[in-house]
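What follows is a short report on a single structure.
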Amino acid sequence: PPLYPPIIHQPPQPPHPFYTPYTTNNINQINVLMAPPMLIATLTAAVVGFTQGYSAPPSAKLGDFLIQRAIQQQLYYSAQLRNEPMVDWLKRFRGHEHLDSRTRREGNCGLPGTYSASFDQLRTTPFNEYLTALGTEPNSSIEVKVVKPQKRLSARERANPYLNKQGPSFEIYDQPIITKNILTQLLNTASACVETWAFHFGEAEKNDLERVANERAKLKCLPTSEMMEFAEMVKGGETAYSFFTGDEPMPLYDFDCRACDRFDTLRALSIFVEEVNALTPETAFEVDYLRREAMLEVEDETGLDQEIKKRRKMRRESFEETFVTGDDFIKGAAARDAALIFLSDFCRTWVPKLEKGDARSHVGKESFRAKPGMKEVRPEDAGCDADAVFEALWEYQDEAEYKIVGGELIFPRLMGVRLREIRAAVAAESKQTLMELVAPELRKARLEYTDYVEEDDDGLGTYGRFKLAADVEGERETYSHKDIIAEMGIGG
């Protein structure tokens, strides 16, 4: 039977507190029985901090973030076309100058990583209000002043002082701003984001569930030839994403996928803390990441000197002095408290990094490899991706968090497995939010404020049309897994 009840998907709810109300009265009574007096104050102070935890964004916030990234994608496209008047107008509309690239110069688009993927940057929220504001904005025009390039002078002309003193010439014209066309472009980009993000959420759910099943398997299989071939294909760029997008993803898509993973991880952390908070001393050991006894490695002392054995025994007794003793009720309460304290410290460290994100590309992240046994040194205020959070939990392996009272009863690595399982369910919910909440609002704005005619729609998305064109033109007739393997020279 499953270790945990299935997570039931419900409609988006208003933001919930990260920690449920938690008083210290009954905790002090329990801790008096299970901990030495000197440790009671430390544990009580840590528990009081639970009520000031992080509140994860609801799934409905995904629509605001999608429109934010659609605006940034449209800014990228306009800058790539050197349409500076459109870039300037779009980013100034409702005060979104901060969504533009941090390092780009006029006439050029910035690198994808310079368009900030931090959350909550859309100032007109919820996102349907932004679409309504853009759809009801009256048409206007802006005056554009262009400096014409100077004519290249010959040697005789450069000798003429009157020609050398000529200043630059200017061209002034009015650029019309048709908000209906701008909204149409933005909705096309947002619809493509819905399509590609929904695909990513499906892949993320599948990959997380496969990883969880592998982590919980008692007997883990060795890599097969097919797995090695698939790894080589991924290294060469042949992935499910490349096949879905036809190797033509949107420029910011890679950072969008990583941001979606961060969004789901933040929500999974919130749900996980609620799950731990709902445990009772009687039910604490029904989960696999809490245990009744500390698991310590027993060293072989055969042939050792008696004095060495005596010192080892003293060190072990000193180490085990803070371990929780008592019956299952006392240990269950201690294990639950320790898990909450651990998650509180963990969220305090990693939530700000997840909210900020890592601005480096995959190439930039892989360009540096730390020496074996060493970790990459990053600035304290640097953001990170979701994989860094799971890596931090995985590093514990079979060790416990002994710095916390009762920490010998928690299993951080298995907490990471449970967190990944929750994130798989959150990914499915995020996909459902896109299809049932965001997509209808985009369609509503398209019908109300643009020249969109529903009868003329073929029902296919942007990448759906790419696939149809490839099938019609016969580009996929010989595009198979075996052909790719043979071409890369890694087949049998």
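Read the figures in this text as sums done on the coordinates, not as results from a lab. All of these numbers come straight from a predicted model, not from anything done at the bench. Here Cβ is always computed from backbone atoms with ideal geometry, including for glycine, and neighbour counts include all displayed protein chains.
Remark: spin-label model distance T136-Q397 equals 6.2 nm, labels positioned 7 Å along the Cα→Cβ axis.
What the phi angles of the range 426-442 give under the Karplus curve with 6.51, -1.76 and 1.60, with θ = phi - 60°, is a coupling list of 5, 4, 5, 5, 5, 4, 5, 4, 4, 6, 9, 10, 7, 4, x, 5, 5 Hz, glycine and proline written as x.
Each of K444 and R360 was given a label point 7 Å from its Cα along the Cα-to-Cβ line. The distance between the two points is 4.3 nm.
In a fully extended conformation the segment linking K375 and Q175 would gain 66.7 nm over its present Cα-Cα distance, using 0.36 nm per residue.
Cross-link partners of K151 among lysines, defined as those whose alpha carbon lies under 21 angstrom from its own and excluding same-chain residues fewer than eight positions apart: K165. For the pair E321 and R292, a Förster radius of 22 Å applied to the C-beta separation gives a FRET efficiency near 0.70, rounded to the nearest 0.05. Could you tell me how far the Cα centroid of the range 369-448 sits from the Cα centroid of the range 246-311, in Å? That distance is 11 Å. In plain terms, if you count all Cα to Cα distances in the range 114-202 and split them into 5 Å steps from zero, the share in each step is 3, 9, 10, 13, 12, 10, 8, 7, 6, 7, 7, 5, 2, 1 percent. Amide hydrogen proximity for I177: with H placed 1.01 Å from N in the peptide plane, the residues at 5 or more positions away or on another chain lying under 5 Å are S140, S141, I142. Per-peptide packing, taken as the mean over residues of other Cβ atoms within 10 Å, places 309-317, 421-429, 106-114 in the sequence 421-429, 106-114, 309-317 from highest down.
Here the 3J(HN,Hα) profile of the range 193-206, calculated from phi with Karplus coefficients 6.51, -1.76 and 1.60 at θ = phi - 60°, is 5, 4, 5, 6, 5, 4, 5, 5, 4, x, 5, 5, 4, 5 Hz, Gly and Pro shown as x. Among the trypsin sites (Lys or Arg not before Pro) in the range 87-125, those placed in a DSSP loop whose Cβ has at most 11 other Cβ atoms within 10 Å are R105. Taking 0.36 nm per residue of separation and subtracting the Cα-Cα distance, full extension of the segment from Q432 to S154 would add 93.4 nm.
For the cross-link pairs K375/K431; K353/K403; K61/K220; K61/K218; K61/K206; K235/K375, the ones whose C-alpha atoms lie over 31 Å apart are K375/K431; K61/K220; K61/K218.
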